[in-house]
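The values are calculated or read from the model by the stated rules, or taken from the named source; none is laboratory data. What you are looking at is a predicted structure, and each value in this text was computed from that prediction instead of being measured. FYI the Cβ positions are ideal-geometry reconstructions off the backbone, even for glycines, and counts take in every protein chain you see. These area figures cover heavy atoms from the full protein model, side chains too; ligands, DNA and RNA do not enter into them. Shrake-Rupley method; radii C 1.70, N 1.55, O 1.52, S 1.80 Å.
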Amino acid sequence: MDTTTTSAAVGPSPVLLILPLLVFLALNYATSLISLPKAIPWVGKSDKLLAESRASWACFKNAQAWLAEGYHKYSKRGKSYIFPDFTGRPTIMVPREKLRWLLEKPDDVVSVRESHFDVLEGPYNFMDPTILTTMYHEHVIHKNLFRNLPSLVEGTWDEVQAAVDDGFGMSTTKWTDVPNYDTLMHIIARVSNRMMVGLPLCRDETYLANNSAFAQDVINVMTGLSFVPKVLHPVLGRLASIPNHIHFNRVKKLNLPMIRERLAQLTADPSRKDVPNDYITWHIRTAQAEKNTEELDPTMISRRLMPLNFAAIHTTTFTIVNTLFDLLGSDPKHQYIELLREEAERVFASCNGDWSKTALGQMVRTDSAIRESMRISNFGAAPLTRKVVAKDGLTNEEEGWTAPHGSFVSVNAHSVHHDPDIYPEPMTYDAFRFSRPREEFEARQKQEQQTATSNTDTSKDMAETLKMRSAGLITTSDTFLPFGHGRHACPGRFFVNHELKMLLAYVFMNYDLQYLEKRPENQWFASSILPPMKDVIKVKRREGSVRK
């Protein structure tokens, strides 16, 4: 018998086909293994060989179901469970009732910074590992953004108008198909960079294109390395991040002259007033005040802009894309667009076309529409993940387990946002879920004030007013977690609040939009949820709204 011919006819042995996969799974398991407490149950884990690695891979298509299973089987009963994340970092999900316990732990016990460094592939994605280990850019935002918000409104509004006009077009006679994701990403990049680097750079197409490409590079590296055993990361991580360096160098070529000029100005006169009020100025002045010479290096300042652009472009674009799809995918009988347009026109008229922090605070319907979209169309299942950095681990005495050094702990925010015990009809997008009670209360309060006497007790009304305001977009809680919660909640949310309100107000006041027959579905990618990226919306400029 000709064994060669027979072997060729039959084909290679199944063992030879399976062997590389088994070797890969074993290698991935061996290089990422952290022994988690046996007292904590898993979801999605079998009793088969390499069960944890198998569960990690299977999480790619089963994450949504496993999150729901873990939440209802364990979290709702006050118990923790282990979620086998696709990234190879199985996460201990504690119940919502333990969130305060987790967030109150000091940073030398559980660290959000170390978690971000690992998840964002810090050694490779941002050119210099110290970018994510020191997070100086976040420090600058914490110290400067909130107190400068009022002075940013005028420039933000100017950029919103120009960017939307360019992106949505000016035709008042025909409907225009607008690629929702790509167009809004470009608008958000412009508006965000107006705050970071100002004019004219925020409108430079080469600058914007390379910043957007860099944001996508970060996602590509994160995704690609999820498929690779950690022992190979030092080699493949550097290869995969070559595009990051290319796009950064193109960005640096454009912003470095401006950074050097600003440094020269503020070095010669630190109290100089005639400089733009943007991130560059904040960074330099903060570093000068703290005598941090490393952060006064022009290239370092340029590098610091990259994670800021990534956060602004990536997360804010996802938010506004989801909001528009949720609004336009709703039943037209609710008249969401019409009622939001009425609010925008009324508030805009009341402030004489001069937006302010106070005026934007009156956009309660718009606030609610965005907040509700962030609830139902959240794009991260566990945005509060912490890495255990204490050598002795993190001990949960109530349940009797200790999470070891290097493990990850979080809360299943996605299931919290879709819990009917917290949000009635949680799978329905109700744009005015948060504003309706406030508008009803304010109407009732106004009516009562007209008939009130000097003996009327206002303490109850004050408490109710505070309660209503706590349902605002920027307010975090243990039931609303897209911005995180606690002392590490997203510091940029205050700017995002103004940015998105002005963006929606301008769109609704100046454009007609067609409702969709059906909202296009978001896509689960392991435990991340991506908005539709190829679908279009139909818009038409409203008669009489074209600026001369």
Tell me the angle of helix 336-350 to the major Cα principal axis of the chain, expressed in degrees between 0 and 90 and rounded to the nearest ten. 50
Distance in nm between label sites at ARG238 and SER271, each 7 Å beyond Cα in the beta-carbon direction? 4.9
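Mind checking the per residue accessible area of the range 160-298 for me, 1.4 Å probe, whole number of Å²?
Working: 6290 Å² over 139 residues.
Result: 45 Å² per residue.
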For the chain, take the alpha-carbon Rg, divide it by the Kirkwood Rh, and send me Rg/Rh. 1.00
Over 31 Å (Cα to Cα) - which of LYS79/LYS391; LYS252/LYS357; LYS174/LYS518 fall in this group: LYS252/LYS357
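On the accessible surface of the range 346-414, probed at 1.4 Å, how many percent belong to carbon and sulfur atoms?
Whole-percent figure for carbon plus sulfur exposure: 47.
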In degrees between 0 and 90, to the nearest 10, how far off the longest principal axis of the chain does helix 51-73 point, with axes built from Cα atoms? 50
Residue by residue through the range 440-447, which ³J(HN,Hα) values in whole Hz follow from phi under the Karplus form 6.51 cos²θ - 1.76 cosθ + 1.60 (θ = phi - 60°), with glycine and proline marked x? 5, 5, 5, 5, 5, 5, 5, 5
If I ignore ligands, DNA and RNA and count only protein heavy atoms, how much of ILE529 is accessible to a 1.4 Å probe, in Å² to the nearest 10? 10
Take GLN514 and ARG147, extend 7 Å from each Cα along the Cα→Cβ direction, and tell me the distance between the two endpoints in nm. 5.1
Note down the accessible area of LEU232, probe 1.4 Å, to the nearest 10 Å². 70
Which FRET efficiency value, to the nearest 0.05, is calculated for TRP101 and THR172 with the Förster distance at 60 angstrom and r the Cβ-Cβ distance? 0.60
Work the Kirkwood hydrodynamic radius out for the range 469-548: mean of 1/r over every pair of different alpha-carbon atoms, inverted, in Å. 16.0
Environment charge of TYR511, counting only residues whose C-beta is closer than 12 Å and scoring Lys/Arg +1, Asp/Glu -1: +2
Filter LYS333/LYS501; LYS230/LYS534; LYS253/LYS273; LYS61/LYS253 down to the pairs with a C-alpha to C-alpha distance above 30 Å, please. LYS230/LYS534; LYS61/LYS253
Measure out, as a whole number of angstrom, how far apart the alpha-carbon centroids of the range 135-164 and the range 392-424 sit. 34
Treating the angle as unsigned and between 0 and 90°, give the value, to the nearest 10°, between the Cα long axis of helix 364-376 and the longest Cα principal axis of the chain. 10
Trypsin sites (Lys or Arg not before Pro) in the range 387-437 lying in a DSSP loop, each with at most 10 other Cβ atoms within 10 Å of its Cβ, come to LYS391
State to the nearest 20 debye the size of the charge dipole of the chain about its Cα centre, where the only charges are +1 on K and R beta carbons and -1 on D and E beta carbons. 320
